[in-house]
Amino acid sequence: MGNINASVDLRRDGTVAVVTVDNPPVNALKHEVRSGLAKALRQAREDASVQAVVIACAGRTFFAGADITEFGKPAQAPGLGEVIAQIETMLKPVVAALHGTALGGGFEVALACHFRVAVATARVGLPEVKLGLLPGAGGTQRLPRLVGPEKALRMIVTGDPIGAAEAAADGVVDEIVEGDLMAAATAFARRVVSEGRPLQKARDRDDKLAATRADPKNFDETATALTRRLRGREAPAACVEAVRNAFTLPFDEGLRRESELFQKLVAGDQSKAQRHVFFAEREAARVPNMPASIEPRPIGRAAVVGAGTMGGGIAMCFANAGISVALIESGQDLLQKGRDRIAANYRATMARGGLSAEDVDRRMGLIRGVVGIDAAAEADVVIEAVFEEMELKKRVFADLDRIAKPGALLATNTSTLDVDEIARATTRPQDVVGTHFFSPANIMRLLEIVRGAASAPDAVVTALALARRLGKVPAVVGVCYGFVGNRMLARRSAEAERLLLEGALPQEVEAALVEFGLPMGPFAMMDLAGLDVGWLIRKSRGEHAAIEDGLCEGGHFGQKTGKGYFRYEPGSRAPIPDPEVERIICDASSRLGIARRKIEPEEIVERTVFPMINEGARILEEGIAARPGDIDVIWVYGYGWPVWRGGPMYYADRLGLAHVRDRLAYYVERSGDETLRPAPLLQRLAAEGRGFASP
């Protein structure tokens, strides 16, 4: 307990007042913290024996941001801006002592201090744009005065933090300290007083604005480059406007305009959607009815069976996390191809400046290529990543049952297959889970963790802990064909093909869904993944797709062959409409007796998105997903759903479930397709005037 209030402590270290905040887990700037800070600062200001102030935080981090649970609620004084003004106008030097991460409002507090010291591992940044916001407590005005408008714009529009060394080079951090941070910060404060250093207010700095003010061309080019791919998002454009105000308006006017922009964004639909995803992501990592006492199994060594594209990407995930991994193949040629692909991926990252040569060597050194599955014997976790074929996977798991040590987590990287059937190939189904990585596995953040009927609680908890170590966003799902993401995707794919048969062209479907906010539509996505994968799965299940099967029979396998639903120039991923594909589509329509017609973008969006929502309702009713937010997380992080629309289930709630129900019923009547019939849960909630997220 602090002596100011439960979160804030004020103590004296000679002539230095040390204000320490302890609000675990991340020292969010909630009302109690703000009021405690204000009271502590008043006491330090009024105490004539105090010559300087240090603001620090207990625990693992400096203030990591505002308390976003307060957003949209009536403001409670003092606001963060008031506390920051109190810091900035102190007539005694105020020093911020930074460790962990100083993010968002926390970094804005530090920017208002007259001086900043940091440990070498500290990181600072303004990530508000990731919640559909901009920094609302002076960050867009103070940071440009310290690092220049272009650098500030990059930090604010991307939301990416920088390390202490970079911050020191830019003039944001005055000193990087070693040893005890509190002792070093207090000593720095005393030195400031003894040397009579003038108080350095960021708001008064002008030297790094002058060049941009005289010629804003570089700023304009930076803004264009940063926002080019962020179409549809309101926050980045507002960030650009706010930072521009830093060099075109007086400080107080820029501050006032920043506040107006922030208030508009925080009340807007996009930020509400992005905040929904923020909370849903954290909730998705919690498994309902899982005892809190369950501990994950220790994982020191890993093995991946299969060195193809997915297996190699999964091995990279382990190496990137510093975990030794055996990459296992059945033959030396396949193994070498896999290692070569991994090395090429790392070299490409190094060429972009993302890794040093030492980083690449260290990570490659953690990946041990081995021929023969016996190499899995010592692994704490084994991930099977062979071809998506049930009998092959069952043979691998029967071998792992014989080879793997007791208690090892055995995971199958399947995107569609029955995890329970795979688990039954072993005598230890309690150790088996599904881990559906998304391609490319070393980049995509989502990990669907499939909980089988026999999966032990500690196996699921271990998979969750592993996901976090690998930097993934986990969501636990149940067993069914396609789990959550691909099961919903199958509904979209079926409806997308029907749209083609009825008169749309691939480029028209793409355009409608890209305008909706997706990075690519269904046909470009299938071209990227490879049409042959789905073709082989359909053939194994005795299923048929009128258009896609015809494309595959003609060698249209996607980007890998330079032609799929679209044509691709060598070395390019840009889709080009293909007259041959249009002919195949029209022939299929004619063969099936379907009269083609013009289909408007609005209908394209409804007919691809609403069936997914409907399938999501069935998934919830069956218990395959625990919460609608879990489905949203899967689609945002696994399939590129626009985060500013909040995920498909959130989007449905915003539209109103009665509207979704009625449109689906309309399409059932028009097409006769009973798979579009509104799901019982959707019908019930719509009739009650409720949403998927209603209590």
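The values are calculated or read from the model by the stated rules, or taken from the named source; none is laboratory data. Worth saying up front: this structure is predicted, and the values here are computed from it rather than measured. A quick note on method: Cβ atoms are made from the backbone with ideal geometry, for glycine too, and the neighbour counts reach across all protein chains shown.
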Within the range 502-532, tally of residues that are surrounded by fewer than 18 Cβ atoms within 10 Å (Cβ to Cβ) and within 19 Å of VAL636 (Cα to Cα): 7
Residue selected from the range 570-584 under the condition surrounded by fewer than 20 Cβ atoms within 10 Å (Cβ to Cβ) and either under 31 Å from the mean Cα position of the chain (by Cα) or outside the structural domain of LEU505 (by TED's automatic domain parsing) (or both), by the criterion farthest from PRO506 (Cα to Cα): GLY571
Filtered residue count, the range 570-591, keeping only those that are part of a helix (DSSP H, G or I) and of a type outside the set (Asp, Glu): 10
Condition met for ALA307 (crowded, with 19+ Cβ neighbours inside 10 Å and assigned to a loop (DSSP other than H, G, I, E, B)): yes
The one condition in (1) small (Gly, Ala, Ser); (2) touching a strand residue (DSSP E or B) at 6+ places or on another chain (Cβ under 9 Å); (3) closer than 28 Å to LEU664 by Cβ that ALA617 fails to fulfil: (2)
Residue within the range 238-255 that is part of a loop (DSSP other than H, G, I, E, B), under 34 Å from the mean Cα position of the chain (by Cα) and over 30 Å from VAL16 (Cα atoms) present: no
ARG491 over 24 Å from the mean Cα position of the chain (by Cα), surrounded by 21 or more Cβ atoms within 10 Å (Cβ to Cβ) and in the same structural domain as ILE585 (by TED's automatic domain parsing): yes
Whichever residue in the range 24-38 is in contact with a strand residue (DSSP E or B) (Cβ under 9 Å, 6 or more places away or on another chain) and either free of Cβ contacts under 8 Å to residues at least 24 places away in the same chain or among the aliphatic types (A, V, I, L, M) (or both) and, among such residues, is nearest to VAL95 (Cα to Cα): LEU37
Residue within the range 359-382 that is within 27 Å of the chain's Cα centre (by Cα), surrounded by 14 or more Cβ atoms within 10 Å (Cβ to Cβ), assigned to a helix (DSSP H, G or I) and acidic (Asp, Glu) present: yes
Residue within the range 211-222 that is under 28 Å from the mean Cα position of the chain (by Cα), surrounded by fewer than 18 Cβ atoms within 10 Å (Cβ to Cβ) and either of a type in the set (Asp, Glu) or over 24 Å from LEU265 (Cα atoms) (or both) present: yes
Filter result for ARG690 (basic (Lys, Arg) and without any contact (Cβ under 8 Å) to a residue 12 or more places away in the chain): no
Residue match in the range 578-589 (condition: among the hydroxyl-bearing types (Ser, Thr, Tyr), modelled with pLDDT of 95 or more, more than 27 Å from GLU388 (Cβ to Cβ) and out of contact with any Cys (no Cβ under 6 Å at 6 or more places or on another chain)): yes
